[in-house]
Amino acid sequence: MKRIGIVILSLMFSTAVLSENIAIVGGKVHTLSDQGTLASATVLVSGGEIQRVVDGIEKPPGYTVIDATGKVVTPGLIGAMTSLGLVEVSSSSGVVDASVEHSPVTNTGAALDVSFAVNPDSSLMGITRLEGMTSAATSILRSDYMFNGMGAVITLGGNSPIIKPRAFMSVDVGSGGAEAAGGSRAALWVTLEAILAEAERAGDVQGPEKAWYGINTRHDVASLKQVLSGDIPLLMRADRVADIRQVLAFKQRHPSVKVVLVHGVEAWREANALSKANIPVIIDPEYNLPGGFDQMGATLANAARLHAAGVKVAIGMDTHNIRLAAQHAGNAVANGLPHEAGIASLTSVPAEILGVENTLGVLKTGAVADIVVWSGDPLEVTEAAEVVISNGKVMQMESRQTKLRDRYLLLQQTGAEKPSQYYRELN
(Lines give C-alpha, C1' and ligand atoms only; values in the text may rest on other atoms or scores of the structure.)
Protein backbone atom coordinates (compact mmCIF):
# COMPACT_ATOMS: atom_id res chain seq x y z
CA MET A 1 0.00 0.00 0.00
CA LYS A 2 2.87 2.38 0.73
CA ARG A 3 4.20 2.08 -2.81
CA ILE A 4 0.71 2.68 -4.22
CA GLY A 5 0.50 5.80 -2.06
CA ILE A 6 3.81 7.01 -3.46
CA VAL A 7 2.53 6.64 -7.03
CA ILE A 8 -0.63 8.59 -6.15
CA LEU A 9 1.39 11.36 -4.55
CA SER A 10 3.66 11.47 -7.59
CA LEU A 11 0.63 12.04 -9.78
CA MET A 12 -0.72 14.70 -7.43
CA PHE A 13 2.56 16.62 -7.51
CA SER A 14 3.31 16.17 -11.20
CA THR A 15 4.54 19.73 -11.58
CA ALA A 16 7.82 20.96 -10.13
CA VAL A 17 6.11 23.68 -8.08
CA LEU A 18 2.88 23.09 -6.15
CA SER A 19 2.56 26.56 -4.71
CA GLU A 20 4.78 29.29 -3.37
CA ASN A 21 3.10 28.83 0.03
CA ILE A 22 2.97 25.30 1.42
CA ALA A 23 1.71 23.97 4.75
CA ILE A 24 2.86 20.47 5.76
CA VAL A 25 0.33 19.55 8.40
CA GLY A 26 0.00 16.92 11.13
CA GLY A 27 3.23 14.96 10.83
CA LYS A 28 5.78 13.99 13.44
CA VAL A 29 8.42 16.65 12.78
CA HIS A 30 12.12 16.23 13.50
CA THR A 31 13.19 19.89 13.45
CA LEU A 32 16.85 19.28 14.46
CA SER A 33 16.59 22.72 16.07
CA ASP A 34 15.90 23.92 19.61
CA GLN A 35 12.26 22.90 19.06
CA GLY A 36 13.31 19.25 19.05
CA THR A 37 10.88 16.62 17.78
CA LEU A 38 7.19 17.55 17.67
CA ALA A 39 4.57 14.78 17.73
CA SER A 40 2.07 16.65 15.53
CA ALA A 41 3.19 19.87 13.92
CA THR A 42 2.88 22.18 10.94
CA VAL A 43 5.76 23.35 8.73
CA LEU A 44 4.97 26.53 6.82
CA VAL A 45 6.94 27.30 3.65
CA SER A 46 6.99 30.59 1.78
CA GLY A 47 9.34 31.97 -0.87
CA GLY A 48 11.58 28.92 -0.82
CA GLU A 49 12.27 29.23 2.92
CA ILE A 50 10.77 27.84 6.08
CA GLN A 51 8.50 30.52 7.47
CA ARG A 52 7.99 28.79 10.82
CA VAL A 53 7.35 25.45 12.50
CA VAL A 54 4.17 25.34 14.59
CA ASP A 55 3.61 22.85 17.40
CA GLY A 56 0.12 21.76 16.42
CA ILE A 57 -2.21 21.95 13.43
CA GLU A 58 -2.44 25.14 11.40
CA LYS A 59 -3.94 25.63 7.95
CA PRO A 60 -3.57 29.31 7.04
CA PRO A 61 -5.46 30.64 3.99
CA GLY A 62 -3.48 30.89 0.80
CA TYR A 63 -1.38 27.80 1.54
CA THR A 64 -1.47 24.52 -0.32
CA VAL A 65 -1.84 21.84 2.34
CA ILE A 66 0.11 18.58 2.35
CA ASP A 67 -1.50 16.21 4.85
CA ALA A 68 1.30 14.48 6.78
CA THR A 69 -0.91 12.89 9.42
CA GLY A 70 0.64 9.61 10.56
CA LYS A 71 3.82 10.38 8.65
CA VAL A 72 7.29 11.69 9.56
CA VAL A 73 8.77 15.00 8.44
CA THR A 74 12.51 15.74 8.41
CA PRO A 75 14.88 18.21 6.81
CA GLY A 76 16.16 17.06 3.44
CA LEU A 77 19.02 14.62 3.97
CA ILE A 78 22.59 15.72 3.27
CA GLY A 79 25.16 13.41 1.69
CA ALA A 80 28.17 14.06 3.91
CA MET A 81 30.78 12.73 1.46
CA THR A 82 29.91 11.84 -2.13
CA SER A 83 30.91 12.16 -5.76
CA LEU A 84 27.40 13.09 -6.93
CA GLY A 85 27.40 15.02 -10.17
CA LEU A 86 30.95 13.91 -10.91
CA VAL A 87 30.34 10.27 -11.86
CA GLU A 88 27.74 8.86 -14.21
CA VAL A 89 29.18 5.48 -15.25
CA SER A 90 32.39 4.79 -13.36
CA SER A 91 33.79 2.51 -16.07
CA SER A 92 33.45 5.22 -18.74
CA SER A 93 36.16 7.84 -18.38
CA GLY A 94 34.28 10.40 -20.45
CA VAL A 95 31.65 10.83 -17.71
CA VAL A 96 33.93 10.61 -14.66
CA ASP A 97 35.11 13.88 -13.14
CA ALA A 98 35.82 12.39 -9.71
CA SER A 99 39.42 11.44 -10.50
CA VAL A 100 42.40 13.48 -11.66
CA GLU A 101 45.68 12.16 -13.03
CA HIS A 102 47.59 15.30 -13.99
CA SER A 103 47.00 19.04 -14.23
CA PRO A 104 49.45 21.85 -15.00
CA VAL A 105 47.74 24.15 -12.50
CA THR A 106 48.72 22.16 -9.42
CA ASN A 107 51.65 20.34 -7.85
CA THR A 108 49.85 19.10 -4.73
CA GLY A 109 46.19 18.86 -5.79
CA ALA A 110 45.09 21.69 -3.50
CA ALA A 111 44.01 23.94 -6.40
CA LEU A 112 41.59 21.43 -7.95
CA ASP A 113 37.98 22.65 -7.78
CA VAL A 114 35.00 20.37 -8.45
CA SER A 115 32.48 23.22 -8.66
CA PHE A 116 33.29 23.49 -12.38
CA ALA A 117 32.59 19.81 -13.01
CA VAL A 118 29.20 19.11 -11.38
CA ASN A 119 26.58 17.88 -13.86
CA PRO A 120 23.02 18.74 -12.72
CA ASP A 121 21.58 16.44 -15.40
CA SER A 122 23.23 13.33 -13.98
CA SER A 123 20.62 10.57 -13.71
CA LEU A 124 21.93 9.91 -10.21
CA MET A 125 20.54 13.25 -9.01
CA GLY A 126 16.94 12.11 -9.43
CA ILE A 127 17.66 8.59 -8.19
CA THR A 128 19.24 9.97 -5.02
CA ARG A 129 16.59 12.66 -4.48
CA LEU A 130 13.86 10.00 -4.49
CA GLU A 131 15.46 8.60 -1.33
CA GLY A 132 15.00 11.89 0.51
CA MET A 133 18.39 13.47 -0.12
CA THR A 134 18.26 17.09 -1.22
CA SER A 135 21.88 18.24 -0.92
CA ALA A 136 25.36 16.76 -0.69
CA ALA A 137 29.06 17.40 -0.33
CA THR A 138 30.74 16.25 -3.52
CA SER A 139 34.46 15.80 -4.08
CA ILE A 140 37.19 14.21 -6.13
CA LEU A 141 37.72 10.71 -4.80
CA ARG A 142 41.07 9.85 -6.33
CA SER A 143 44.00 11.78 -7.71
CA ASP A 144 47.72 11.39 -8.21
CA TYR A 145 48.29 14.26 -5.79
CA MET A 146 48.51 14.64 -2.03
CA PHE A 147 45.21 16.56 -1.86
CA ASN A 148 41.94 15.85 -3.64
CA GLY A 149 41.23 19.52 -4.11
CA MET A 150 38.30 21.70 -3.16
CA GLY A 151 34.92 20.02 -2.75
CA ALA A 152 31.54 21.74 -3.06
CA VAL A 153 28.13 21.62 -1.42
CA ILE A 154 25.44 21.02 -4.04
CA THR A 155 21.66 20.88 -4.25
CA LEU A 156 19.97 17.95 -5.96
CA GLY A 157 16.93 19.97 -6.93
CA GLY A 158 17.87 22.48 -9.59
CA ASN A 159 19.78 23.42 -12.72
CA SER A 160 22.24 25.53 -10.72
CA PRO A 161 23.57 22.89 -8.36
CA ILE A 162 26.34 24.72 -6.51
CA ILE A 163 25.27 25.94 -3.07
CA LYS A 164 28.73 26.51 -1.67
CA PRO A 165 31.82 26.25 -3.91
CA ARG A 166 35.25 25.60 -2.41
CA ALA A 167 33.54 24.39 0.76
CA PHE A 168 36.21 21.98 2.01
CA MET A 169 39.55 20.38 1.23
CA SER A 170 40.21 16.64 1.45
CA VAL A 171 43.34 14.57 1.90
CA ASP A 172 44.01 10.86 2.40
CA VAL A 173 46.43 10.21 5.28
CA GLY A 174 46.01 6.44 5.23
CA SER A 175 47.35 3.82 2.86
CA GLY A 176 46.07 5.62 -0.24
CA GLY A 177 47.76 8.84 0.76
CA ALA A 178 50.98 7.03 1.54
CA GLU A 179 51.01 5.61 -1.99
CA ALA A 180 50.57 9.09 -3.48
CA ALA A 181 53.38 10.44 -1.30
CA GLY A 182 55.99 7.91 -2.35
CA GLY A 183 54.79 4.64 -0.87
CA SER A 184 55.26 5.25 2.87
CA ARG A 185 53.68 7.15 5.72
CA ALA A 186 57.20 8.27 6.54
CA ALA A 187 57.05 10.35 3.37
CA LEU A 188 53.37 11.27 3.65
CA TRP A 189 53.48 13.27 6.88
CA VAL A 190 56.78 14.99 6.14
CA THR A 191 55.45 16.01 2.73
CA LEU A 192 52.13 17.19 4.15
CA GLU A 193 53.82 19.36 6.76
CA ALA A 194 56.24 20.80 4.19
CA ILE A 195 53.39 21.69 1.85
CA LEU A 196 51.45 23.47 4.61
CA ALA A 197 54.53 25.23 6.01
CA GLU A 198 55.34 26.63 2.59
CA ALA A 199 51.78 27.86 2.10
CA GLU A 200 51.76 29.44 5.56
CA ARG A 201 55.03 31.33 4.95
CA ALA A 202 54.05 32.50 1.47
CA GLY A 203 52.76 36.04 1.15
CA ASP A 204 50.79 37.26 -1.82
CA VAL A 205 52.04 35.00 -4.61
CA GLN A 206 49.23 35.69 -7.08
CA GLY A 207 50.77 38.60 -8.95
CA PRO A 208 52.21 37.50 -12.33
CA GLU A 209 55.22 39.75 -11.81
CA LYS A 210 56.28 37.78 -8.74
CA ALA A 211 58.48 34.76 -9.29
CA TRP A 212 57.39 31.64 -7.45
CA TYR A 213 59.22 28.34 -7.12
CA GLY A 214 57.92 25.88 -4.58
CA ILE A 215 56.37 22.53 -3.80
CA ASN A 216 52.98 24.15 -4.42
CA THR A 217 51.87 26.27 -7.35
CA ARG A 218 50.50 29.77 -6.77
CA HIS A 219 46.99 28.35 -7.03
CA ASP A 220 47.75 25.64 -4.48
CA VAL A 221 48.94 28.24 -1.98
CA ALA A 222 45.74 30.29 -2.30
CA SER A 223 43.61 27.22 -1.55
CA LEU A 224 45.76 26.01 1.34
CA LYS A 225 45.65 29.41 3.04
CA GLN A 226 41.88 28.95 3.39
CA VAL A 227 42.51 25.65 5.18
CA LEU A 228 45.22 27.04 7.46
CA SER A 229 43.06 29.99 8.49
CA GLY A 230 40.14 27.72 9.37
CA ASP A 231 37.89 29.25 6.70
CA ILE A 232 37.12 25.79 5.32
CA PRO A 233 37.46 22.34 6.95
CA LEU A 234 40.14 19.80 6.08
CA LEU A 235 38.65 16.34 5.66
CA MET A 236 41.34 13.80 6.54
CA ARG A 237 40.71 10.18 5.57
CA ALA A 238 42.15 7.49 7.84
CA ASP A 239 41.04 4.07 9.09
CA ARG A 240 43.97 2.61 11.05
CA VAL A 241 44.05 3.78 14.65
CA ALA A 242 47.75 4.65 14.30
CA ASP A 243 46.85 7.00 11.43
CA ILE A 244 44.01 8.48 13.47
CA ARG A 245 46.48 9.24 16.25
CA GLN A 246 48.57 11.09 13.69
CA VAL A 247 45.46 13.10 12.77
CA LEU A 248 45.04 13.98 16.45
CA ALA A 249 48.69 15.05 16.64
CA PHE A 250 48.22 17.10 13.46
CA LYS A 251 45.31 18.94 15.11
CA GLN A 252 47.54 19.77 18.08
CA ARG A 253 50.19 21.19 15.77
CA HIS A 254 47.59 23.14 13.76
CA PRO A 255 44.83 24.19 16.20
CA SER A 256 43.35 26.70 13.73
CA VAL A 257 42.66 24.01 11.12
CA LYS A 258 39.12 22.61 11.23
CA VAL A 259 39.93 18.91 11.04
CA VAL A 260 37.26 16.34 10.14
CA LEU A 261 38.06 12.62 10.23
CA VAL A 262 36.64 10.68 7.27
CA HIS A 263 35.91 6.94 7.05
CA GLY A 264 37.49 6.19 10.46
CA VAL A 265 36.84 2.44 10.63
CA GLU A 266 38.89 2.20 13.85
CA ALA A 267 37.86 5.64 15.13
CA TRP A 268 36.08 4.14 18.15
CA ARG A 269 39.47 3.24 19.60
CA GLU A 270 40.26 6.95 20.00
CA ALA A 271 36.70 8.17 20.60
CA ASN A 272 37.53 10.12 23.77
CA ALA A 273 40.54 11.82 22.19
CA LEU A 274 38.51 12.79 19.11
CA SER A 275 35.81 14.25 21.34
CA LYS A 276 38.33 16.22 23.39
CA ALA A 277 39.91 17.59 20.21
CA ASN A 278 36.45 18.51 18.85
CA ILE A 279 37.03 16.51 15.66
CA PRO A 280 33.78 15.33 14.01
CA VAL A 281 33.75 12.08 12.07
CA ILE A 282 32.14 11.15 8.75
CA ILE A 283 31.88 7.36 8.71
CA ASP A 284 30.40 4.52 6.74
CA PRO A 285 28.94 2.52 9.66
CA GLU A 286 28.55 -0.70 7.66
CA TYR A 287 32.08 -1.97 8.25
CA ASN A 288 31.95 -5.02 10.52
CA LEU A 289 34.74 -7.07 8.95
CA PRO A 290 38.26 -5.98 8.00
CA GLY A 291 38.50 -4.84 4.40
CA GLY A 292 42.28 -4.62 4.80
CA PHE A 293 45.01 -4.35 7.39
CA ASP A 294 43.96 -0.76 8.13
CA GLN A 295 40.53 -1.98 9.26
CA MET A 296 41.26 -4.81 11.68
CA GLY A 297 39.12 -3.12 14.36
CA ALA A 298 35.98 -2.82 12.23
CA THR A 299 32.73 -2.98 14.20
CA LEU A 300 29.09 -2.09 13.63
CA ALA A 301 29.21 -0.32 17.02
CA ASN A 302 31.62 2.32 15.69
CA ALA A 303 29.01 5.10 15.38
CA ALA A 304 27.43 4.32 18.76
CA ARG A 305 30.76 4.32 20.60
CA LEU A 306 31.82 7.59 18.98
CA HIS A 307 28.52 9.26 19.86
CA ALA A 308 28.68 7.99 23.44
CA ALA A 309 32.07 9.69 23.80
CA GLY A 310 30.64 12.99 22.55
CA VAL A 311 31.91 12.88 18.97
CA LYS A 312 29.67 14.41 16.31
CA VAL A 313 28.94 11.65 13.81
CA ALA A 314 27.82 12.06 10.20
CA ILE A 315 27.01 9.20 7.83
CA GLY A 316 28.81 9.32 4.49
CA MET A 317 29.93 6.77 1.94
CA ASP A 318 32.41 8.65 -0.31
CA THR A 319 30.50 7.42 -3.34
CA HIS A 320 27.84 8.46 -5.83
CA ASN A 321 25.58 5.77 -4.29
CA ILE A 322 24.84 7.86 -1.22
CA ARG A 323 21.10 7.17 -1.57
CA LEU A 324 21.63 4.22 0.81
CA ALA A 325 22.81 6.47 3.65
CA ALA A 326 19.49 6.38 5.53
CA GLN A 327 19.62 2.59 5.55
CA HIS A 328 23.17 2.72 6.86
CA ALA A 329 22.17 5.18 9.57
CA GLY A 330 19.36 2.79 10.50
CA ASN A 331 21.88 -0.02 10.88
CA ALA A 332 23.97 2.23 13.13
CA VAL A 333 20.88 2.85 15.27
CA ALA A 334 20.23 -0.89 15.41
CA ASN A 335 23.74 -1.22 16.83
CA GLY A 336 23.43 1.33 19.58
CA LEU A 337 23.38 4.83 18.06
CA PRO A 338 20.42 6.80 19.53
CA HIS A 339 17.65 7.33 17.00
CA GLU A 340 17.76 11.12 17.12
CA ALA A 341 21.53 10.98 16.58
CA GLY A 342 20.86 8.76 13.56
CA ILE A 343 18.60 11.45 12.07
CA ALA A 344 21.15 14.15 12.94
CA SER A 345 23.93 12.15 11.24
CA LEU A 346 22.10 12.70 7.95
CA THR A 347 21.02 16.31 8.49
CA SER A 348 22.28 18.74 11.13
CA VAL A 349 25.73 17.19 11.71
CA PRO A 350 26.88 17.22 8.06
CA ALA A 351 25.40 20.72 7.74
CA GLU A 352 27.52 21.88 10.67
CA ILE A 353 30.65 20.21 9.29
CA LEU A 354 30.15 21.94 5.94
CA GLY A 355 29.37 25.34 7.43
CA VAL A 356 25.75 25.50 6.24
CA GLU A 357 24.06 24.75 9.57
CA ASN A 358 21.85 27.85 9.46
CA THR A 359 20.31 27.03 6.10
CA LEU A 360 20.43 23.24 5.58
CA GLY A 361 19.81 20.17 7.72
CA VAL A 362 17.34 21.92 10.01
CA LEU A 363 13.70 22.98 10.06
CA LYS A 364 13.57 26.48 11.49
CA THR A 365 12.62 29.99 10.42
CA GLY A 366 14.81 31.25 7.59
CA ALA A 367 16.29 27.89 6.63
CA VAL A 368 16.09 26.67 3.03
CA ALA A 369 12.86 24.74 2.51
CA ASP A 370 14.45 21.33 1.92
CA ILE A 371 11.88 19.02 3.49
CA VAL A 372 10.93 15.35 3.20
CA VAL A 373 7.65 13.69 4.17
CA TRP A 374 8.23 10.01 4.91
CA SER A 375 5.72 7.16 5.06
CA GLY A 376 7.19 6.29 8.46
CA ASP A 377 10.54 6.19 10.23
CA PRO A 378 13.13 7.22 7.59
CA LEU A 379 15.71 4.89 9.16
CA GLU A 380 13.53 1.85 8.49
CA VAL A 381 14.27 0.22 5.15
CA THR A 382 10.56 -0.59 4.65
CA GLU A 383 9.61 3.12 4.72
CA ALA A 384 10.07 5.61 1.89
CA ALA A 385 10.09 9.29 1.02
CA GLU A 386 6.65 10.26 -0.26
CA VAL A 387 7.12 14.01 -0.81
CA VAL A 388 10.46 15.72 -1.40
CA ILE A 389 10.63 19.52 -1.34
CA SER A 390 13.80 21.25 -2.52
CA ASN A 391 14.20 25.02 -2.24
CA GLY A 392 10.48 25.29 -1.59
CA LYS A 393 9.52 23.34 -4.72
CA VAL A 394 7.76 19.98 -4.64
CA MET A 395 9.86 17.62 -6.70
CA GLN A 396 8.54 15.06 -9.14
CA MET A 397 8.91 11.64 -7.55
CA GLU A 398 10.47 10.08 -10.60
CA SER A 399 13.89 9.14 -11.90
CA ARG A 400 15.36 7.22 -14.77
CA GLN A 401 14.81 4.04 -12.75
CA THR A 402 11.12 4.70 -12.06
CA LYS A 403 10.51 5.65 -15.70
CA LEU A 404 11.98 2.33 -16.82
CA ARG A 405 9.93 0.49 -14.20
CA ASP A 406 6.70 2.15 -15.29
CA ARG A 407 7.45 1.69 -18.98
CA TYR A 408 7.81 -2.07 -18.78
CA LEU A 409 5.25 -2.55 -16.02
CA LEU A 410 2.68 -1.01 -18.36
CA LEU A 411 3.72 -3.34 -21.19
CA GLN A 412 3.37 -6.31 -18.88
CA GLN A 413 -0.09 -5.23 -17.70
CA THR A 414 -1.46 -4.48 -21.17
CA GLY A 415 0.11 -7.47 -22.86
CA ALA A 416 1.82 -5.27 -25.43
CA GLU A 417 4.94 -6.57 -27.09
CA LYS A 418 8.28 -5.43 -25.74
CA PRO A 419 10.77 -3.85 -28.15
CA SER A 420 12.69 -6.34 -30.25
CA GLN A 421 15.95 -5.72 -28.39
CA TYR A 422 14.44 -7.39 -25.34
CA TYR A 423 14.22 -10.74 -27.11
CA ARG A 424 17.15 -13.00 -27.82
CA GLU A 425 17.09 -15.22 -30.87
CA LEU A 426 17.99 -18.81 -30.14
CA ASN A 427 19.96 -20.51 -32.88
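The values are calculated or read from the model by the stated rules, or taken from the named source; none is laboratory data. Everything numeric in this text was worked out from a predicted model, so none of it was measured. Cβ atoms come from the backbone with ideal geometry, glycine included; neighbour counts cover every protein chain shown.
Only one entry in V105, V87 is touching a residue at least 60 places away in the same chain (Cβ under 8 Å), among the aliphatic types (A, V, I, L, M) and touching a helix residue (DSSP H, G or I) at 6+ places or on another chain (Cβ under 6 Å), namely V105.
Restricting attention to the range 247-278, the residues that are part of a loop (DSSP other than H, G, I, E, B) and either within 17 Å of K225 (Cα to Cα) or not assigned by TED's automatic domain parsing to the domain that holds I195 (or both) total 5.
Looking at E383, E357, just one residue is surrounded by fewer than 24 Cβ atoms within 10 Å (Cβ to Cβ), over 17 Å from G157 (Cβ atoms) and touching a Phe, Trp or Tyr at 6+ places or on another chain (Cβ under 9 Å), and that residue is E383. Within the option set A111, A180, being more than 26 Å from E357 (Cα to Cα) and touching a residue at least 12 places away in the same chain (Cβ under 8 Å) holds for one residue only, A180.
From the set of residues in the range 49-62 that are assigned to a loop (DSSP other than H, G, I, E, B) and modelled with pLDDT of 95 or more, which is surrounded by the most Cβ atoms within 10 Å (Cβ to Cβ)? Filtering the range 49-62 for residues that are assigned to a loop (DSSP other than H, G, I, E, B) and modelled with pLDDT of 95 or more, the one surrounded by the most Cβ atoms within 10 Å (Cβ to Cβ) comes out as D55. Among the criteria (1) modelled with pLDDT of 95 or more; (2) surrounded by fewer than 23 Cβ atoms within 10 Å (Cβ to Cβ); (3) assigned to a loop (DSSP other than H, G, I, E, B); (4) of a type outside the set (D, E, K, R), the one V311 does not fulfil is (2).
State yes or no: is D243 charged (D, E, K, R), without any contact (Cβ under 8 Å) to a residue 12 or more places away in the chain and more than 14 Å from N302 (Cα to Cα)? No, not satisfied.
Scan the range 163-213 for residues that are at pLDDT 95 or above and in a loop (DSSP other than H, G, I, E, B) and the total you get is 1.
Within the range 87-103, is even one residue among the charged types (D, E, K, R), under 28 Å from R405 (Cα atoms) and surrounded by fewer than 16 Cβ atoms within 10 Å (Cβ to Cβ)? For the range 87-103, residues among the charged types (D, E, K, R), under 28 Å from R405 (Cα atoms) and surrounded by fewer than 16 Cβ atoms within 10 Å (Cβ to Cβ): absent.
A single entry from L354, L346, L337 fulfils the requirement of being closer than 25 Å to R245 by Cβ and not assigned by TED's automatic domain parsing to the domain that holds V43: L337.
Taking residues in the range 385-412 that are within 30 Å of S46 (Cα to Cα) and not assigned by TED's automatic domain parsing to the domain that holds M125, and partners anywhere that are modelled with pLDDT under 85 and among the small types (G, A, S), the pairs with Cβ atoms closer than 6 Å and at least 6 places apart or on different chains are K393/A16; M397/S10. Candidates in the range 63-86 are the residues that are among the β-branched types (V, I, T) and under 23 Å from the mean Cα position of the chain (by Cα); of these, the one that is surrounded by the most Cβ atoms within 10 Å (Cβ to Cβ) is I78.
Among the residues of the range 335-388, the ones that are not in a loop (DSSP other than H, G, I, E, B) and not polar (S, T, N, Q) come to 20 in all. Here S122 meets each of (1) outside the structural domain of A367 (by TED's automatic domain parsing); (2) of a type in the set (G, A, S); (3) under 16 Å from V29 (Cα atoms); (4) out of contact with any strand residue (DSSP E or B) (no Cβ under 7 Å at 6 or more places or on another chain) with one exception, condition (3).
Evaluate the range 19-33: report whether one residue or more is surrounded by fewer than 21 Cβ atoms within 10 Å (Cβ to Cβ), modelled with pLDDT of 95 or more, out of contact with any His (no Cβ under 6 Å at 6 or more places or on another chain) and assigned to a loop (DSSP other than H, G, I, E, B). The answer is yes; a qualifying residue exists. The numbered conditions (1) surrounded by fewer than 22 Cβ atoms within 10 Å (Cβ to Cβ); (2) within 24 Å of L346 (Cα to Cα); (3) at pLDDT 95 or above; (4) not β-branched (V, I, T) are all true for L261 except (1). Scanning the range 116-175 for residues that are crowded, with 23+ Cβ neighbours inside 10 Å and on the phi > 0 side of the Ramachandran plot gives G132, G149.
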